[in-house]
1. Restrict the check to region 9-18 and report whether at least one residue is of a type in the set (Lys, Arg) and over 20 Å from ALA182 (Cα atoms).
2. Can you name every residue in region 266-309 that is under 16 Å from ALA244 (Cβ atoms) and either touching a Leu at 6+ places or on another chain (Cβ under 6 Å) or loosely packed, with under 12 Cβ neighbours inside 10 Å (or both)?
3. Quick one: is ILE180 surrounded by 20 or more Cβ atoms within 10 Å (Cβ to Cβ) and at negative phi?
4. Filter region 113-148 down to residues that are of a type in the set (Lys, Arg) and either touching a Pro at 6+ places or on another chain (Cβ under 6 Å) or at positive phi (or both), then give me how many there are.
5. Quick check on my filter: what residues within region 71-94 are closer than 11 Å to LEU177 by Cα and either under 9 Å from the mean Cα position of the chain (by Cα) or modelled with pLDDT of 95 or more (or both)?
6. Do we have GLU153 as at positive phi, of a type in the set (D, E, K, R) and either modelled with pLDDT under 90 or in contact with a strand residue (DSSP E or B) (Cβ under 9 Å, 6 or more places away or on another chain) (or both) here?
Amino acid sequence: MSSTAEAIVKPAGTPPAVDLREEFETSGVREVLAELDRDLIGLAPVKKRIRETAALLLVERARKSMGLAQETPTLHMSFTGNPGTGKTTVALRMADLLHRLGYIRKGHLVSVTRDDLVGQYIGHTAPKTKEVLKRAMGGVLFIDEAYYLYRPENERDYGQEAIEILLQVMENQRDDLVVILAGYSERMDRFFQSNPGFRSRIAHHIDFPDYTDEELLKIAETMLAHQHYVLDEEALTVMRDYIAKRRGQPHFANARSIRNALDRARLRQANRLFETSKGPLDATALSTISAEDIMASRVFSIAAKAARAEQ
């Protein structure tokens, strides 16, 4: 036995060894990761980081069971990326993962923004922030667009008070609460530069890439399938064109924009069926989105207008 191994003395009563593969199966981690793969299209680098984090937490739990670790690892996280890239969904899965591994008591997710934490007058912020923290204890607190907490240009802003309370709880009660800060990458970078206390408490930084056009098309088909709708062949082609054009227009929000587009397409489909049907409609007619239901979108007229302006 090496001198290093001889120096590691385990407390009496600890297990002689731990089967990590068995822990992976029995803890439910495999199930959570499988759900992540099944429910989220693309996001390969994000899924890789979640698997790596799960492996780390499994090992840390095993080490603790053998008396080799005393403190809970720092689990606070930062999720950065554009809107509609799955940050909230991954946060939900992370809460489930942490609960199954015993790192949080409840496994619930409390999602908030600045308005839920910061008050409008003196004495209002502390009670609001503490109430949110009370609801989140034992689970995960997800703060979307966290950089809006910090507004140095406004001398009468109370965001700094919420930040100080959050930092204190993140440090002193990290055994009972995990905080995930989320938002645009560049704005989050500036936020961390202005608030080093947050950066020092964040252990895991995960960047969420934009979806590709093909991934968004698959997301569209999946969203419709969940509601028992389909795109006909021509509509599929038009939807692909829609995605390419919509990406280049303002306020594009990845999967969120696709969901909004499909909601409007279903509205047009319903109106088309109501106005044109002359008799009973079968399930296929009621469940099929046609090209015209998508082509009516302003995205196409805006793109055409922009193309004419360039000529």
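1. In the first step, residues of region 9-18 are kept if they are of a type in the set (Lys, Arg); the result is 10.
Keeping just the survivors that are over 20 Å from ALA182 (Cα atoms) gives 10.
Taking every residue of region 9-18 in turn, at least one turns out to be of a type in the set (Lys, Arg) and over 20 Å from ALA182 (Cα atoms).
2. The first filter runs over region 266-309 and keeps only residues under 16 Å from ALA244 (Cβ atoms), leaving 291, 294-295, 297-304, 306-307.
Selection gives ARG298, SER301, ALA304, ALA307.
3. On the way: surrounded by 20 or more Cβ atoms within 10 Å (Cβ to Cβ): yes; at negative phi: yes.
Yes.
4. Within region 113-148, the first condition is being of a type in the set (Lys, Arg), and the residues that meet it are 114, 128, 130, 134-135.
Applying the additional criterion that residues be either touching a Pro at 6+ places or on another chain (Cβ under 6 Å) or at positive phi (or both) yields none.
Of the residues in that region, 0 qualify.
5. The one that is closer than 11 Å to LEU177 by Cα and either under 9 Å from the mean Cα position of the chain (by Cα) or modelled with pLDDT of 95 or more (or both): HIS76.
6. On the way: at positive phi: no; of a type in the set (D, E, K, R): yes; either modelled with pLDDT under 90 or in contact with a strand residue (DSSP E or B) (Cβ under 9 Å, 6 or more places away or on another chain) (or both): yes.
Spelling it out, it is not the case that GLU153 is at positive phi, of a type in the set (D, E, K, R) and either modelled with pLDDT under 90 or in contact with a strand residue (DSSP E or B) (Cβ under 9 Å, 6 or more places away or on another chain) (or both).
Each row is one residue, and each column tells you yes or no for (1) among the polar types (S, T, N, Q); (2) closer than 27 Å to TYR184 by Cβ; (3) modelled with pLDDT of 95 or more; (4) part of a loop (DSSP other than H, G, I, E, B).
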{"residue": "TYR211", "(1), (2), (3), (4)": "no, yes, yes, yes"}
{"residue": "ALA244", "(1), (2), (3), (4)": "no, yes, yes, no"}
{"residue": "ILE294", "(1), (2), (3), (4)": "no, no, yes, no"}
{"residue": "PHE300", "(1), (2), (3), (4)": "no, no, no, no"}
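The values are calculated or read from the model by the stated rules, or taken from the named source; none is laboratory data. Quantities reported herein were computed from a predicted structural model and do not represent experimental measurements. When we count neighbours, we look across all protein chains shown, and the Cβ atoms used for this are built from the backbone with ideal geometry, even at glycine.
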